[in-house]
1. Spot the failing condition for Ser8; the list is (1) assigned to a loop (DSSP other than H, G, I, E, B); (2) crowded, with 19+ Cβ neighbours inside 10 Å, and only one is missed.
2. In this structure, is Leu15 open to solvent by 30 Å² or more (accessible area, probe 1.4 Å), closer than 30 Å to Lys171 by Cβ and in contact with a Lys or Arg (Cβ under 7 Å, 6 or more places away or on another chain)?
3. Ile139 - would you say it is open to solvent by less than 70 Å² (accessible area, probe 1.4 Å), assigned to a loop (DSSP other than H, G, I, E, B) and farther than 19 Å from Pro181 by Cα?
4. Any residue in the range 124-146 that's closer than 16 Å to Asp185 by Cα: show its pairings with residues that are open to solvent by 70 Å² or more (accessible area, probe 1.4 Å) and among the aliphatic types (A, V, I, L, M) at Cβ separation under 7 Å, as long as the two are six or more apart or on different chains.
5. From the set of residues in the range 38-91 that are open to solvent by less than 80 Å² (accessible area, probe 1.4 Å) and aromatic (Phe, Trp, Tyr), which is farthest from Ile24 (Cα to Cα)?
6. How about the range 23-37: which of its residues are open to solvent by 50 Å² or more (accessible area, probe 1.4 Å) and closer than 23 Å to Leu13 by Cα?
7. One residue is enough: does the range 82-90 have a residue meeting the conditions under 24 Å from Gly14 (Cβ atoms) and not small (Gly, Ala, Ser)?
8. Are any residues in the range 25-41 over 15 Å from the mean Cα position of the chain (by Cα) and either assigned to a loop (DSSP other than H, G, I, E, B) or touching a residue at least 40 places away in the same chain (Cβ under 8 Å) (or both), and if so, which ones?
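The values are calculated or read from the model by the stated rules, or taken from the named source; none is laboratory data. These numbers come from a predicted model, not from an experiment. Glycine also receives a Cβ, built like all others from the backbone with ideal geometry; neighbour counts cover every protein chain displayed. Ligands, DNA and RNA are excluded from the accessible area calculation, which covers all protein heavy atoms including side chains. Shrake-Rupley method; radii C 1.70, N 1.55, O 1.52, S 1.80 Å.
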Amino acid sequence: MSCSDKISRWNVLGLQGSLLASIIEPIYLHSIVLGSLLHPAHMYRAICGRIESAIQGLPPPYRLNKPKLALMTSAESRNQTKPPNFSINWITNGTEVEIVNSFTGKLINNNTNTNKMSRLSKQSFYQRYSTVIARLPGIPCRDVKPTYFETKTSVAEYQQAKRELFAAFSKEDLGEWLKKPIEQDQFTLIVAKDSDGPPPYANQPQAVPMPTDGTGNPTTNTTTTTAAAAPVGNVSSIGNHSK
């Protein structure tokens with residue numbers, strides 16, 4: 001699907017996935033700044049306007065979000081370059097970053113490919129979700145199913161909103177939403193051998209020190225990066241905030 005298709009999806013379902021949607025409300029974009037070539041009417045249509053009259057039956061708290069649109073005050077030139085074969089992700093206020101092979105989704109350590117999975121992989125998300133759910137016993141109808149696929153599809157409100165989104169695309173003759181192979185989500189939860197130890201993803205991030213300002217504090221200069229495509233699907237960071 002195109003970038004505008006995916007942003008349209010975010011404007012209905014939110015930036016979070018179905019697992020996180022089972023315990024928090026949807027996270028919607030407040031505004032979008034386009035670096036260059038902004039045409040407000042075209043942009044509005046691309047990200048939400050084209051399904052505005054067709055979307056219906058969304059279960060609360062889902063809605064059609066209409067973010068504010070803006071253009072940078074200074075024009076920038078667009079330089080098309082070949083994307084690198086690796087990606088970098090980090091956590092705000094963290095001291096470590098991950099370098100991930102964009103083709104395999106596995107970590108790179110000292111310029112050498114490894115078999116370690118990224119903290120952005122679906123397996124890592126699944127493990128973290130199971131940990132959070134175990135600490136929130138008061139949430140009804142939220143538990144970890146035998147497979148990742150079953151756990152995702154058990155979030156009824158999110159799945160209903162997604163069906164309504166796809167139906168709106170179809171009603172407006174925008175085509176059918178291309179789905180990923182179901183097999184990639186049919187995996188089980190990896191459980192740590194030592195139940196008293198940290199979860200298996202805890203030691204996964206590659207220990208690459210963040211740049212500091214000389215006092216030990218991380219610097220504020222960051223670069224835009226793309227998250228690993230293989231384990232997470234087409235997920236990108238916006239600015240320096242990973243989705």
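1. Failing condition for Ser8: (1).
2. Values: open to solvent by 30 Å² or more (accessible area, probe 1.4 Å): yes; closer than 30 Å to Lys171 by Cβ: yes; in contact with a Lys or Arg (Cβ under 7 Å, 6 or more places away or on another chain): yes.
Spelling it out, Leu15 is indeed open to solvent by 30 Å² or more (accessible area, probe 1.4 Å), closer than 30 Å to Lys171 by Cβ and in contact with a Lys or Arg (Cβ under 7 Å, 6 or more places away or on another chain).
3. On the way: open to solvent by less than 70 Å² (accessible area, probe 1.4 Å): yes; assigned to a loop (DSSP other than H, G, I, E, B): yes; farther than 19 Å from Pro181 by Cα: yes.
When the stated conditions are applied, Ile139 passes them.
4. Cβ pairs passing all conditions: Gln127/Ile190.
5. Of everything passing the filter in the range 38-91, Tyr44 is farthest from Ile24 (Cα to Cα).
6. Filtering the range 23-37 for residues open to solvent by 50 Å² or more (accessible area, probe 1.4 Å) gives 24-25, 27, 30-31, 33-34, 37.
Correct list: Ile24, Glu25, Ile27, His30, Ser31, Val33, Leu34.
7. Restricting attention to the range 82-90, the residues satisfying the condition of being under 24 Å from Gly14 (Cβ atoms) are 87, 89-90.
Right, trim to not small (Gly, Ala, Ser) and you get 89-90.
There is at least one residue in the range 82-90 that is under 24 Å from Gly14 (Cβ atoms) and not small (Gly, Ala, Ser).
8. At the first step, the residues of the range 25-41 found to be over 15 Å from the mean Cα position of the chain (by Cα) are 25, 30-41.
Matches in the range 25-41: Glu25, His30, Gly35, Ser36, Leu37, Leu38, His39.
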